Amino acid sequence: MSTKPTAPHATDDDAPLGDVDAERRALLVNATAAFGLAGAACVALPFVSSMNPSRSVKALATLDVNLNDIPLGEAKTFLWQGKPVFVWHRSEDQITEARKGDTTATMDPANDADRVQKAEWLVVMGVCTHLGCVPMRGGEYGGWRCPCHGSQFDDSGRVRQGPAGTNLEIPPYRFLDDATIRIG
Amino acid sequence: MAHTPNHPVENDIRNTYQWLEDRLPIISFLNNSVGSNFMAPRNLSYMWNFGSLAGIALVLQILTGIFLAMHYKPDVHMAFDSIQHIMRDVNWGWLIRNLHMVGASFFFIVVYIHMARGLYYGSYKSPREVLWGLGVVIFLLMMATGFLGYVLPWGQMSYWGATVITNLLSVIPFVGPDIVVWLWGGYAVGDPTLNRFFVLHFVLPFVIIAVVVLHIWALHMHGSNNPKGISLTKQTDYIPFHPYYTIKDIFGLGVYLIPFTFMVFYAPEYLGHTDNNIPANPLVTPAHIVPEWYFLPFYAILRAIPIKELGVLAMFGSILILFVLPWLDKHPVRSARFRPLYRPLYMLFLANFILLGWCGMMPAEGIYVRIAQAATAIYFGFFALLPVLSKYEKAKPVPTSI
């Protein structure tokens, strides 16, 4: 405020600048604006980040499943990160059927052998790849059909009928021992 | 503004400014409000920074508050733990909560300085009585919001503060006790109370925003007062708000943020009370219960008077009296600079106000009560003297121009 003007001023930008160093002023204005924007971005970051999963949510990121509880030929559903996971103890027949599908599942081709770690254990997300409903056992392909829009999945969780376009996802999991897997 | 039939309307959207201007003149509205078309006195000191700082403080409280509300749970069984969840689990939750806590205190600091500025330079006098009154309304809403917010962490101070303050209303004749029960939604501060306090704490800031808009509207009727307190007549006494005062306000903001961020990062709990880190317990009152620091002067007035009803009246009266200040002080000179009696009296009032705050912090016993009683007398004595000063105080010569 040291250069307080004493005369009335034109307020439009085209007014003559007098003895003002226009280049210096532009540099100062631009530098101030740039620092201001950078500061605003830094302030915005924590606010945006606060809406991401908190540490308490991340702490629930893994789930151990005891495979002894699942009889041969049956599937059970588990809740992992708020979403269902299907663990299917497949019988010899079911594995054979699934392997046959390697050639006929053309919508999203995948080999059954690549979708399992051990052939008798199929672990897939119970989330329809169309719009997120939970598929139920049944349908014409031995696996699941989705009650919402009629998508069908086979005994390897591969999509066989739309509107879903991709196979049921496989969550990250590993065998802790022969009778336990850890999902997540 | 009025649309006349002959007024040509820009229909070419490539002339964007005029096109929008003819449909929603929001840019010129902003320009008239806080831009180069708003003329401000050219002699405003840094004391005039605190209005915009208060506005920024309010925005920061709302912003941080919205993000805290996404993680907070207004339930007596979960509230305290959800605060711990925010502090420990939520990404940057500690930062957002510290900003909100320290922000509340700094909001009050800024507003107290803003009010003290108005009191010194006679900014409440004609023709700015409504502007001042709206400011007092904002102050009352802030106090309500601050109180409600302090209850939410559901610590010992939250609980007992809520109990004590809501019980103030029990002094209302006949219906007081019923009103308190209605306010609680039960027979003590409890779950219904916490839930509604959360809702009100969320809503009131938006009411404050509405009153701030009125406050600024009233400001623009006659423009800012100035350190000389005189009504400006010449065009040369004014400079455009933008860029002169926008840049000054931004600089002031930078200075303000230094102590503010220091407190946020290094002493976030300094202005709070450690007892609020103990979960609320309806069976045990803390040995020494105090409100947040910004309520202390008024709390001291409440405790200074040993009769319950009178104490409550005096406490509310000490704030409500600000509404009639423009009619108590009718001295024609605004600025204390030119009032040889008002100026020292004002200084005494400020010092006394701080003394009251100190009394509010001390236990309500012995000498502290005596001091608080004297300070309360001085507080109201100041207002009682103003009509006398209006009549007899001889002002120094007042300049005719800045």
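The values are calculated or read from the model by the stated rules, or taken from the named source; none is laboratory data. Not measured: the values here are computed from a predicted model. Reconstructed Cβ throughout: ideal geometry from the backbone, glycine too, with neighbour counts over all protein chains shown.
Odds and ends about this structure:
- Flag if residue B:317 is out of contact with any strand residue (DSSP E or B) (no Cβ under 7 Å at 6 or more places or on another chain), under 21 Å from residue B:371 (Cβ atoms), at pLDDT 95 or above and surrounded by fewer than 20 Cβ atoms within 10 Å (Cβ to Cβ): yes
- Scoring residue B:254 on the criteria (1) in a helix (DSSP H, G or I); (2) small (Gly, Ala, Ser); (3) touching a helix residue (DSSP H, G or I) at 6+ places or on another chain (Cβ under 7 Å) leaves a single failure, condition (3).
- Pick from region B:38-71, criterion within 13 Å of chain A (Cβ to nearest Cβ) and touching a Leu at 6+ places or on another chain (Cβ under 7 Å), ranking: nearest to residue B:240 (Cα to Cα): B:41
- Residues that are assigned to a helix (DSSP H, G or I), β-branched (Val, Ile, Thr) and surrounded by 13 or more Cβ atoms within 10 Å (Cβ to Cβ) within region B:182-222 comprise B:193, B:207, B:208, B:209, B:211, B:212, B:216, listed in sequence order.
- Here B:97, B:117 are screened, and the one residue that is basic (Lys, Arg) and under 21 Å from residue B:218 (Cβ atoms) is B:117.
- Selection status of residue B:80, touching a strand residue (DSSP E or B) at 6+ places or on another chain (Cβ under 9 Å) and at pLDDT 95 or above: yes
- Just one of the numbered conditions (1) within 14 Å of chain A (Cβ to nearest Cβ); (2) assigned to a helix (DSSP H, G or I); (3) buried (at least 19 other Cβ atoms within 10 Å of the Cβ) is not true of residue B:91: (2).
- Candidate set: region A:118-137, residues that are loosely packed, with under 13 Cβ neighbours inside 10 Å and not basic (Lys, Arg); chosen: the one farthest from the chain's Cα centre (by Cα): A:136
- Residues of region B:138-173 satisfying the condition of being of a type outside the set (Val, Ile, Thr), more than 23 Å from residue B:203 (Cα to Cα) and either under 20 Å from the mean Cα position of the chain (by Cα) or surrounded by fewer than 20 Cβ atoms within 10 Å (Cβ to Cβ) (or both): B:170, B:173
- Looking across region A:30-88 at every residue that is under 30 Å from residue A:142 (Cα atoms) and among the β-branched types (Val, Ile, Thr), the one that is nearest to the other protein chains (Cβ to nearest Cβ) is identified as A:62.
- Condition met for residue B:67 (crowded, with 18+ Cβ neighbours inside 10 Å and touching a Pro at 6+ places or on another chain (Cβ under 6 Å)): no
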